[in-house]
Amino acid sequence: MQKEEFEDEANPDKCELTSYEKSSDPLCIFGTGDLGRSLGLRLLQTGCRVVYGSRRPHSCGPLPQGAQVMSHEAAAKAARLIFICVHREHYTFMETLAPYLEGKVLVDLSNNLKKDMYAEANAAYLQRLVPGATVVKGLNTLSAWALQNGLLTGKQVYLCGNSAEAKQAVVEVASKMGLTVLDRGSLSAAQELEDFPLRLFPEWRLPLRVAVGLAAFFYFYLLIRDVIYAYVEQGKDISYRIMVSLANKVFPIVSLVMLSLCYLPGVIAAFFQLYRGTKYKRFPNWLDRWMLCRKQMGLVALGFAFLHAIYTFIIPIRYSVRHKLISRMKNNKTTPFDFNYTEAWGTDSFYVLGILGFFLYVLLGLTSLPSVGGSLSWREFSFIQSKLGHLTLFICTAHGYIYGWNKFLRASTYKWYTPPGYMLCLIVPSVVLVLKMLLLLPCVDRTLTRIRQGWERAQSMETGENKATNL
């Protein structure tokens, strides 16, 4: 009786794509490499039954505990949903399995080593080899490392295929693993999906370009103001400062500007919503792109802040500093101690704000990690990233203002009539903080909150006109 039932399940004429939740069929994986083993482990952890298909079922290496291993033919008969975790070069063996794969759903997880490696997408090639099966391209952006460590909650993956029922079956399994699935349409989109893992830091390109541009601009700007000016106007060669002193001026400048650029698009978006009176209109493409890379901008800013902290610590051990100290000791030169309360308060405030700002910087960076941010509620995450984020920007901006509090009105500060770098870097964060303060005004904040809750000005005006007409 059991044999007849098993044969009925394997019969392609009787194989219907029902909801996976209602099906007791195991899930099959072709491929016992790192990806196949990691995928099987994750599926077992979600309560699924897993069978592996292997050409060497008795010598394929260690597999996750609880999984079965069979020949390809037996595994194909036992399951309706089969994950293909082998390279395209080894797809030809599935031609011989065509009778067993009739009516099955094949999920192609393969990727290539480079773009345009083949004229035909791997999934399209697989569909051509096994025309009786239904091929779905998807989950190919998952890595074995992410599967092993369970870093999948909320992770977005893509799939495409010509059968809505087949895609729905894959979506149900992916949802059980904690994944968010985005349907990209028919199987013709497989080439695009296969190119996704080959992209080199796509979300980091804009932040890195901005950071490199800012660093280059301020480096050469300060090189002209400090080193070249001293050589031309005063005849001093202080080129040795290029490696540490000059770089340690550039790092905090770029860090502060990048942090302010992280919060500026949110302010701009708020003013767009206030102007339009609705939250249902799309932002311009440039603003959308900017908002999508805010996390990366913040992390780049944190990286420059780390460099600034490290460079500041090594200043006392520099040769030039030690040489000046030794020279004073040998010459027995001392200066009378004249305690200046204003200078003391300014110096201590400068250091304290720098330390607090760096601490909050690190806190923001830690909460941006998926493992940390995933453990926070939305309110907690929003509080840290928004409220503490703006507090970090305020403290770091105050840190910059106190650095030059007594230098703004000195003529010697403006070498060749150019302002120092720290003055220029305070422009953007100051603008962000002023705009944010305007948004916090009760009348503005109340209107913005209503808009973000779904209220629309145009709809409200129409309702008012209708009431007036009825009267």
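The values are calculated or read from the model by the stated rules, or taken from the named source; none is laboratory data. In this text the structure is predicted, and so the values were computed from the model without any measurement. Virtual Cβ from ideal backbone geometry, glycine too; neighbours counted across all protein chains shown.
Things worth noting here:
- Residue selected from the stretch 401-430 under the condition among the β-branched types (V, I, T) and in contact (Cβ under 8 Å) with a residue 12 or more places away in the chain, by the criterion surrounded by the most Cβ atoms within 10 Å (Cβ to Cβ): I402
- Test result for L109, surrounded by fewer than 18 Cβ atoms within 10 Å (Cβ to Cβ), assigned by TED's automatic domain parsing to the domain that holds A174 and closer than 16 Å to L198 by Cβ: no
- Residue list for the stretch 32-68, restricted to those being at pLDDT 90 or above and at positive phi: G47, G66
- Lone unmet requirement of (1) modelled with pLDDT under 95; (2) not in a loop (DSSP other than H, G, I, E, B) for V254: (1)
- Among the residues making up the stretch 1-31, those that are part of a loop (DSSP other than H, G, I, E, B) and modelled with pLDDT under 90 are M1, N11, C15, E16, L17, T18, S19, S23, S24, D25.
- Checking each residue of the stretch 271-292 against the condition of being among the small types (G, A, S), buried (at least 17 other Cβ atoms within 10 Å of the Cβ) and part of a helix (DSSP H, G or I) gives no match.
- Residues located in the stretch 35-65, provided they are in a loop (DSSP other than H, G, I, E, B), within 16 Å of M177 (Cβ to Cβ) and small (G, A, S): G47
- Those residues of the stretch 385-400 which are modelled with pLDDT under 90 and surrounded by fewer than 19 Cβ atoms within 10 Å (Cβ to Cβ), in sequence order: S386
- From the list S412, S382, the lone residue that is in a helix (DSSP H, G or I), at pLDDT 85 or above, assigned by TED's automatic domain parsing to the domain that holds M423 and not β-branched (V, I, T) is S382.
- Among residues of the stretch 33-74, those that are closer than 18 Å to V173 by Cα, touching a Phe, Trp or Tyr at 6+ places or on another chain (Cβ under 8 Å) and either of a type in the set (A, V, I, L, M) or surrounded by fewer than 17 Cβ atoms within 10 Å (Cβ to Cβ) (or both), counted: 2
- Lone qualifier among L147, L159, L129 - being farther than 22 Å from L369 by Cα, out of contact with any strand residue (DSSP E or B) (no Cβ under 7 Å at 6 or more places or on another chain) and of a type in the set (A, V, I, L, M, F, W, C): L129
- Among the residues of the stretch 350-384, those identified as closer than 17 Å to G400 by Cα and buried (at least 16 other Cβ atoms within 10 Å of the Cβ) are F350, L353, G354, L356, G357, F358, L360, Y361.
- Test result for F218, in contact with a Ser or Thr (Cβ under 7 Å, 6 or more places away or on another chain), of a type outside the set (K, R) and assigned to a helix (DSSP H, G or I): no
- I310 passes every criterion in (1) at pLDDT 90 or above; (2) closer than 25 Å to H399 by Cα; (3) surrounded by 15 or more Cβ atoms within 10 Å (Cβ to Cβ) apart from (3).
- Candidates are the residues of the stretch 197-250 that are surrounded by 16 or more Cβ atoms within 10 Å (Cβ to Cβ) and among the charged types (D, E, K, R); the one that is modelled with the lowest pLDDT is R241.
- Qualifying residue in the stretch 417-424 (condition: in contact with a Phe, Trp or Tyr (Cβ under 8 Å, 6 or more places away or on another chain) and closer than 19 Å to S349 by Cβ): yes
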